[in-house]
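Notes to accompany the following structure.
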Amino acid sequence: MACVLSVRVINYSEIVKASSNQYSKFDKKNRGPNSATSTRGRGTPRSAHRTQKLNLEVSPHRAVSAVRLMRIELGGAFADLLNEKGKGSGDNEMGYVERTLGFRTRVLDGRDLRLVTDIVGGTIRWRRYLDHLILSLCHDENTFTRMEPLLLQILRIGFYEIVKLGMPPYAVVDENVRLAKVSLRPGAGNMVNGILRKLLFLKENNSLPLPKLEGDDRTQARALATLYSHPVWMVRRWTKYLGVEEAIKLMTWNNTDPSFSLRANSGKGFTRADLVTRLQMLKVPHEISPNLDDFVRIKTGMQSVMQAGLLKEGLCSVQDESAGLVVSIVDPQPGESIIDCCAAPGGKTLFMAARLSGRGAISAIDINKGRLRILKEAAKLQNVDNVVTTVDADLRTFADQNQDKSNKVLLDAPCSGLGVLSKRPDLRWNRRWEDMEQLKALQDDLLDAASMLVKPGGVLVYSTCSIDPGENEERVAAFLLRHPEFCVDPVDSYVPADFVTEHGFYSSNPVKHSIDGAFAARFVRSS
């Protein structure tokens, strides 16, 4: 299951429902009293009663950010980090702004788009930390828990701008007060004004009301969870497996602005050297990947890459090196038949297809028709559609009914995504500890099904974008107990030694390698 760079609120129920009817919805259980779906007084802005006119007084990037944050938290929207026109998850973001706030803003320019990206991503990352501060400065807990969703988002934006972005404080107060007054009512603006001014006073006196790292393990975990803005269960899990110091490093990484990798699409005859030349022409800072021949790293300048049409023309793709290294472990060779079991939206599929050089076949299986359609269109754009066939099916049903076996099978399994929290900041708030157990059961089922598709002497690769041993090493150990016909094939022949674990698996560490966290194990079936 490829990890997309558009950071979506994951409705986990959709994923599991698509894979197995035995799982029930999770998102409703995830929403605590801080959720935008909770009852917060009058939760609906009075946009229906307003004349929808262009408002040039309200900061457009703050208006768009507030609405996008609402749509993300309410579910189903994207915090699109690679947004070209400020349209969020669809073509009508300004329409959402108009309907939610009761007025239109001017079209966002390049600076506005960058600010929206920074504010939305940062506000989501630091949500727990920001909410702790907001709650501390409210008169009582009920004031916070009953707060309207839009008002809460405006406060979060203001707190983030002051505490984390270091924007001019009085400009932040003035702009967010105006947004609250125009989109809600004068009283809401007065409340924003009072709370933000309290924050400024405390910040200037270096007396923000933050928890201290003291007490027993549980108390310290809650403090760390607030200070570094992660769920408590994640903090406890990471401090158990990694220790406190490494857990803090990991959370710090997750809270930084993400960097991206671009893969030159050799299927179109476009090389990394060609990509570097284009980036130099666009004055986009970049560096060559030390791990993969087709990849280039960039920290800034994605808007320029998009506006130049490099992605639209299929000359390059946004793909993290951690995913590219999984493809290296599969090691596609011209003439081979390959099955990609949970393929959509297809990043690994397309990279494998390019490695086949027009000879061979990849069957890309997925249960999501819409995502398969995207994969099919991308394969055509990148000139690899001659070797890619999409198959709309549940892997388990497909494996039971299909008699043909393949040289190589990749199962990039549905997982918690704990290795990609830098790029997908909202994901941390849509995962629970209980989900891990159900995910592990699903991963076992899918591994069993994928194993049925491998020829004698063939290769099976299991991968996740998780750093959790429960989804990685433990699943491998359980699989080998159930399937003695498979043995581990160490990955040291396929990836740099720095990524190889003592048991011969692939593991990328975000802090150590400065890429997404991922895992892969390569198995060979006995002849």
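The values are calculated or read from the model by the stated rules, or taken from the named source; none is laboratory data. Not measured: the values here are computed from a predicted model. Ideal geometry is used to build each Cβ from the backbone, glycine not excepted, and the neighbour counts take in all protein chains shown. SASA here: full protein model, heavy atoms, side chains in, ligands and nucleic acids out. Shrake-Rupley method; radii C 1.70, N 1.55, O 1.52, S 1.80 Å.
Data for the structure
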{"item": "In the stretch 396-414, residue surrounded by the fewest Cβ atoms within 10 Å (Cβ to Cβ) [restricted to those that are of a type outside the set (Asp, Glu) and in contact with a Cys (Cβ under 8 Å, 6 or more places away or on another chain)]", "result": "PRO414"}
{"item": "Failed condition for LEU427, given (1) of a type outside the set (D, E, K, R); (2) over 26 Å from the mean Cα position of the chain (by Cα); (3) in a helix (DSSP H, G or I)", "result": "(2)"}
{"item": "Count - residues of the stretch 194-218 that are open to solvent by less than 50 Å² (accessible area, probe 1.4 Å) and in a helix (DSSP H, G or I)", "result": "6"}
{"item": "Number of positions in the stretch 505-527 that are open to solvent by less than 10 Å² (accessible area, probe 1.4 Å) and either assigned to a helix (DSSP H, G or I) or over 22 Å from THR252 (Cβ atoms) (or both)", "result": "5"}
{"item": "When residues of the stretch 296-341 are limited to those that are among the hydrophobic types (A, V, I, L, M, F, W, C) and more than 20 Å from GLN382 (Cβ to Cβ), the one surrounded by the most Cβ atoms within 10 Å (Cβ to Cβ)", "result": "CYS341"}
{"item": "Selection within the stretch 144-179 - in a helix (DSSP H, G or I), more than 19 Å from MET70 (Cβ to Cβ) and open to solvent by 20 Å² or more (accessible area, probe 1.4 Å)", "result": "VAL163, PRO169, TYR170, ALA171, ASP174"}
{"item": "Residue selected from the stretch 240-258 under the condition among the polar types (S, T, N, Q) and open to solvent by less than 40 Å² (accessible area, probe 1.4 Å), by the criterion nearest to VAL326 (Cα to Cα)", "result": "ASN254"}
{"item": "Filtered residue count, the stretch 266-285, keeping only those that are crowded, with 19+ Cβ neighbours inside 10 Å and part of a loop (DSSP other than H, G, I, E, B)", "result": "2"}
{"item": "Residue ID - nearest to ALA66 (Cα to Cα), chosen from residues in the stretch 180-193 that are touching a residue at least 60 places away in the same chain (Cβ under 8 Å) and either open to solvent by 40 Å² or more (accessible area, probe 1.4 Å) or in a helix (DSSP H, G or I) (or both)", "result": "SER183"}
{"item": "Residue selected from the stretch 379-390 under the condition in a helix (DSSP H, G or I) and of a type outside the set (D, E, K, R), by the criterion least open to solvent (accessible area, probe 1.4 Å)", "result": "ALA379"}
{"item": "Sole residue being under 20 Å from the mean Cα position of the chain (by Cα), closer than 19 Å to SER507 by Cα and either modelled with pLDDT under 95 or among the β-branched types (Val, Ile, Thr) (or both), chosen from VAL420, VAL459, VAL476, VAL491", "result": "VAL420"}
{"item": "Residue match in the stretch 386-394 (condition: under 23 Å from the mean Cα position of the chain (by Cα) and hydrophobic (A, V, I, L, M, F, W, C))", "result": "no"}
{"item": "Within the stretch 349-378, tally of residues that are assigned to a strand (DSSP E or B) and either surrounded by 20 or more Cβ atoms within 10 Å (Cβ to Cβ) or on the phi > 0 side of the Ramachandran plot (or both)", "result": "5"}
